[in-house]
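A short worksheet on the structure shown next.
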Amino acid sequence: MRRPYLNTPATLTSLLLGFATSCAPKPPEPTAPPTAPSASTPEAQTPPESGPFAKELAEVAKVRGLGAKHAVAGRRVSREEMMREVDAELEREVPPSVVTGLTAALVALRLAPSDFDYMSAVRSLMGEKLAGFYQPRTKTLFIAQDLPENEQIATLHHELVHALQDQHFDLGPRVAYREGAGDEQAALHALAEGEAMHVMVDLMLAPYGKSALDLSEEQLAAMEADQTVDVDVPPVLVRSLVSPYFDGQRFVQALRRRGGWGAVTKAWSAPPMSSEQLLHIAKYDAKEPPIQVTAAPPPSAEYRREFRDVMGEQGLRAVLQEWHSAPVGAALASGWGGDQLAVYDSAGKRAVAWLIVMDTEAFAGRLEKGLVPGLVPSAAPAADGSRCEESPRGPTALLRDGRRLVVAVLPDGSCTAARSWATAAVAAAPQ
């Protein structure tokens, strides 16, 4: 699931519920081979006991405590065929403005080079990491046929959980792209991936008398820190791809420890409203809503808004971890209250404004200091406290007013213009 996005599960891949084998403990060697998927696609209402994955579906349903309503269609495919399916789905479901907007944002925030090709990077990353995925639109799962046998079994279990989620909780409409809903869908995506990881790991560890609940925070943190790729893509994309699996595991672990699988089922009726709620179970329990932040005004009348989205605490953390250690980046992002990222276009030139409102002025002050090394490392503060730095990418202004903060990047011009836009933008944010 999840779209590699800026906080990137949620702007492209939540259309696909996928699994990267590196996000899991090493599976044990199998005692029996997985059922061979059929080359044909069964009808949607085929009884579960007669489908191509009947044995594995029954195992997953028993562990999760959710009965299968019908069989699940799917097949093993080459990586080339799997990526063709991914490409077709992304082309069908993702507006071009999302791709251009995210590209502009990554470049403006100095997270990607100026010649960055977003979709090429996403394809390279998913081509290496993706072991399988479930497609809600067609109710079909795909498994990479070149996986070792034990990884095929683990991946199949993972994807069958997504199929059960779709049968019980109607995933399709919930993961379909909606403008401005990136953070909300990131939280839902992490819930889905966390649940699938827990069922998969439960089955993986059952022969040893253990379950996913036995994984410590130290083990999860070590696995998360060990995520590496052999393709040349911006690190923020890698963090964004794997974060739903680990953030979701922690959230589901907290639910299961206090209420078993019933608490997880209940969460589907009232999922976390934001990645902040996902990352902080106390805020989920308190139903703390995100602060609603509107997009910054355009820098001038020549610009039209091309893209907007909420990056959320998860997305802010992914950006900060570009310049800080994982714990420091997470701590700096933890006071997130709300945000809105907007990209404006004028004859192919793009301006980017990221408005962020923190919970308190103290959190905002720490965030401001945390952003300086990556965005305006050589800029001294002006009389109003703003910092601005000119570069070949255009002038970048960083301005804080109380708990409100804005990063404003113009495609060209001077720091005077960037500061002026930043001032107008921060004034529009909630105090």
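FYI, it's all coordinate maths here, none of it is from the lab. Computed from a prediction, not measured in an experiment: that's the story for all the values here. Because the Cβ atoms are built from the backbone with ideal geometry, glycine has one as well, and the counts that use them run over all protein chains shown.
In table form, for the structure just shown:
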quantity	calculated
Strands (runs of 3 or more DSSP E) wholly inside the stretch 361-419 that include at least 1 residues being surrounded by fewer than 17 Cβ atoms within 10 Å (Cβ to Cβ)	none
Search result, residues across the stretch 343-381 that are under 14 Å from Val319 (Cβ atoms) and among the acidic types (Asp, Glu)	Glu368
Filtered residue count, the stretch 132-178, keeping only those that are among the basic types (Lys, Arg) and over 20 Å from the mean Cα position of the chain (by Cα)	1
Qualifying residue in the stretch 340-360 (condition: assigned to a strand (DSSP E or B), closer than 27 Å to Glu184 by Cβ and among the aromatic types (Phe, Trp, Tyr))	yes
Filter pass, Asp183 being among the acidic types (Asp, Glu), part of a helix (DSSP H, G or I) and either at positive phi or buried (at least 24 other Cβ atoms within 10 Å of the Cβ) (or both)	yes
Hey, Asp230 charged (D, E, K, R), more than 22 Å from Ala61 (Cα to Cα) and surrounded by fewer than 24 Cβ atoms within 10 Å (Cβ to Cβ) or not	yes
Subset tally (residues that are under 22 Å from Glu288 (Cβ atoms), surrounded by fewer than 23 Cβ atoms within 10 Å (Cβ to Cβ) and not charged (D, E, K, R)) for the stretch 341-360	1
Every residue from the stretch 222-264 that is hydroxyl-bearing (Ser, Thr, Tyr) and within 11 Å of the chain's Cα centre (by Cα)	Ser240, Ser243, Tyr245
